[in-house]
Amino acid sequence: MTLADPARLSLNTATVKAQWSLAQSIEGCARHGIRDIAPWRDKLAELGPKKAASLIRSHDLSVTGLCRGGFFTAKDWLDDNRRAIEEAHALEADCLVLVVGGLPEGSKDLGRARERVQECISKILPEARAAGVPLAIEPLHPMQAADRACINTLEQALDMCDALGDGIGVAVDIYHVWWDPKLEQQIKRAGKKRTLAYHICDWLVPTRDLAYDRGMMGDGIIELAKIRSWIESAGYSGFHEVEIFSERDWWQRDPDEVLRICKERHRLT
Ligand code: ZN
């Protein structure tokens, strides 16, 4: 198994969200020689997209993705997604990640929720195409189907991409899809064209929190190097974005230490 290319490492700001502002994360990446960053929009709002874009550029970084659009269950979903597309455009982000939302309030109809996601995406897709912002559907682990995303496998996401056409693909987040028996097959299917982002971390045993107990690469049970080899054989040559939500561990640590360890562990993934 070959080592991961250090130049492919990107920092998703969620990894140090408890410790650092966006400006500090940008400066931290530059200090640690990490050339790419993926901000969340709550952090982006601290600076505003214009200021953030110029700070990112002045530190010679590029943006692998903006997290997140989607949440089509929200009342203001259309305006919010339009804003997200504008922000991703301002940052020249490689993609806008879509976390699509779960069941609408009061509903138990998962099939209908999924259809609705496709209808909503088809409304925003022309604007995203015009802005040059690829949309990346991120399937989430089925434990979050009700509250965060009713698209739960790469296969579902790719079926939707096929129905929607160009300008849309998937964000492969290892934490959400590592268990899928069709993972290798669907990674191959996604290929270079549809794979827009690759998010890495690890699955801890036991997991103590459904959202905020992700592990550092190497601390859990995901076969990271194997899955990266599948993704690379499928033609993906983009970035490996470290995204670790970790209330009890990594968010408690010195962020410079977190970045140092991310770099070390990334090589082995
Ligand atoms: Zn992710």
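Here region 6-266 carries DSSP beta bridges of which approximately 5% are antiparallel, counting only pairs with both residues inside. When the alpha carbon gyration tensor of region 1-153 is reduced to an equivalent ellipsoid, its three semi-axes come out at 29, 18, 14 angstrom, largest first. Close amide-amide hydrogen proximity is noted between E241 and S10, Y198, H199, I200, each under 5 Å apart and 5 or more residues distant or on a separate chain (H modeled in the peptide plane; Pro and chain starts excluded).
This model, with +1 at the C-beta of Lys and Arg and -1 at the C-beta of Asp and Glu, gives the chain a dipole about its Cα centre of some 320 debye. Counting only GluC sites (Glu not before Pro) that are in a DSSP loop and have at most 14 other C-beta atoms within 10 Å, tell me the longest site-free stretch of the chain. So the longest stretch without any such site is 106-222. Legend: Rg and Dmax of the chain, from Cα coordinates, 17.2, 49 Å. At q = 0.13, 0.31 Å⁻¹, what base-10 log of I(q)/I(0) does the Debye formula yield for region 52-101 when every alpha carbon is treated as an equal point scatterer in vacuo? Results for region 52-101 at q = 0.13, 0.31 Å⁻¹ read -0.32, -1.11.
Legend: translational diffusion of region 97-178 by Stokes-Einstein, Rh = Kirkwood radius over C-alpha pairs, 4 °C, 1.567 mPa s; D = 102 µm²/s.
Taking the Cβ of I200 as the center, what net charge do the other residues with Cβ under 14 Å away carry, scoring Lys and Arg +1 and Asp and Glu -1? Overall, the nearby charge balance is -4.
For region 88-240, lysine pairs separated by 8 or more sequence positions, or belonging to different chains, with Cα-Cα distances below 21 Å total 6.
Could you tally the net charge around D79, taking each other residue with its Cβ under 14 Å from the Cβ of D79, Lys/Arg +1 and Asp/Glu -1? Charge balance near D79 sits at 0. P(r) tail, region 169-222: Cα-Cα pairs separated by more than 12 Å, 66% of all pairs. In whole angstrom, how far apart do the alpha carbon centroids of region 178-250 and region 16-81 sit? Spelled out, the Cα-based centre of one part sits 21 Å from the other. Average 1/r across all pairs of distinct alpha carbons in region 11-94, invert it, and you get the Kirkwood radius: 12.8 Å. Region 186-237: which trypsin sites (Lys or Arg not before Pro) are DSSP loop and have at most 12 other beta-carbon atoms within 10 angstrom? Those satisfying the criteria are R208. The residue among T15, L125, A149 whose Cα reaches farthest toward the positive pole of the charge dipole of the chain, with charges on the beta-carbon of Lys, Arg, Asp and Glu, is L125.
Put a dot 7 Å past the Cα of D209, heading toward its Cβ, do the same for D147, and the two dots end up 1.2 nm apart.
The eigenvalues of the Cα gyration tensor, multiplied by 5 and square-rooted, give region 150-269 an equivalent ellipsoid with semi-axes of 26, 15, 13 Å from largest to smallest.
Any read-out appearing in this document is the output of simple, stated calculations on the displayed coordinates, not a laboratory observation. All values derive from a computational prediction rather than experimental measurement. Note: ideal-geometry Cβ built from the backbone for every residue, glycine included; neighbour counts use all protein chains shown.
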